[in-house]
Amino acid sequence: VYTTFTPDGANLYFVVVDGVSNTLYRVPALGGPRVKVMTDIFGPVSFSPDGREMTFTRSIRENYQTHLMIASSDGANERILRTVDIAEHGVDWSPDGKLIAYNELNGKDGLRTSVGTDRISGKTKPLSSEKWDNCYRMVWTNDGKGLVFIGTKAKEALSTRRDPIYYLSLADGQSRRISTDGSRYLGESLGVTANDEILAAPFNRMSQIWAMNANGDSRTAVQITKGFADGRGGITPLSDGQVAYLTRNGDGFSIWKMNS
């Protein structure tokens, strides 16, 4: 489910993902009956500053492309702004109402770059030259000077540096990582408050090493390490009776050994 509040905070729009023709609903923020707004929507919606219009993407299954769409907040008056390859999570309307930001997929190298499309003319310009393996949901900061998003830089998809939170400055097109806790973050969860406080849900897979009797009796299990990601990348007994294992160390991995 992708969720978006209207600018006035009165309503919550959410997308029910069914894998075929995802459906957009609206419900009062303080509770009430839900109203079906439209179907065949790809990812979350984002609203114009006055809340009268919304932007979203629609997948074109025949040619593997995506329409960047604009419609009234009630789902009427749909129009295609641009047809491109777009990441499904990354559409957000700028605070001044001029640009719609998203991540465009490059068919040649399979990487993504951040771009902005003028909401009237459809003219598109790059927001940064940086390339990404993944870019998920983007949210403008309230001053319109940058974007916050969850992503993975090019060539880091198989590393421990996957899916932290970044800030992209539009002044120089440079991003900087702003989460340092080692967590991956759920791409659909990102939000920015009126005070530019960032809301995001971490996604962690904790692992420690345990020992138990060979008969498989779980009651004999004893935890013997207390790390963040011990043994998940590999563990093996050594000839001298010790145990070697991989563990996470900041943004990298290190090899440890210990008594059995």
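The values are calculated or read from the model by the stated rules, or taken from the named source; none is laboratory data. As the structure is a computational prediction, the values presented were derived from the model and not from experiment. For neighbour counting, all protein chains shown are included, and Cβ atoms are generated from backbone atoms with ideal geometry for every residue, glycine included. Heads up: the accessible areas ignore ligands, DNA and RNA and are worked out on the full protein's heavy atoms, side chains in. Shrake-Rupley method; radii C 1.70, N 1.55, O 1.52, S 1.80 Å.
Miscellaneous remarks
- Taking one quarter of the surface of the convex hull spanned by the alpha-carbon atoms of the chain gives a direction-averaged projected area of 18.6 nm².
- Take every Cα pair under 8 Å whose residues are at least 6 apart in sequence, average their separation, divide by the length of the chain, and the relative contact order is 8 percent.
- Counting only protein heavy atoms and a 1.4 Å probe, the stretch 1-75 has 50 square angstrom of accessible area per residue.
- Using all pairs of distinct alpha-carbon atoms, the Kirkwood hydrodynamic radius of the stretch 189-260 works out to 14.8 angstrom.
- Accessible surface of the stretch 101-260, 1.4 Å probe: 51 percent of it comes from carbon and sulfur atoms.
- Relative contact order for the stretch 92-213, counting Cα pairs under 8 Å that sit 6 or more residues apart, in percent: 17
- Packing-based ranking of 46-59, 183-196 yields 46-59, 183-196, ordered from highest to lowest mean Cβ neighbour count within 10 Å.
- In plain terms, if you count all Cα to Cα distances in the stretch 1-54 and split them into 10 Å steps from zero, the share in each step is 27, 55, 18, 0 percent.
- Average projection, convex hull of the Cα set of the stretch 34-120: 5.9 square nanometres.
- Principal axis dimensions, largest first and in whole angstrom, of the stretch 124-203 by Cα: 32, 27, 20
- Pair-distance profile P(r), taking every C-alpha pair of the stretch 74-130, with 5 angstrom steps and integer %: 4, 17, 27, 27, 15, 6, 3, 1
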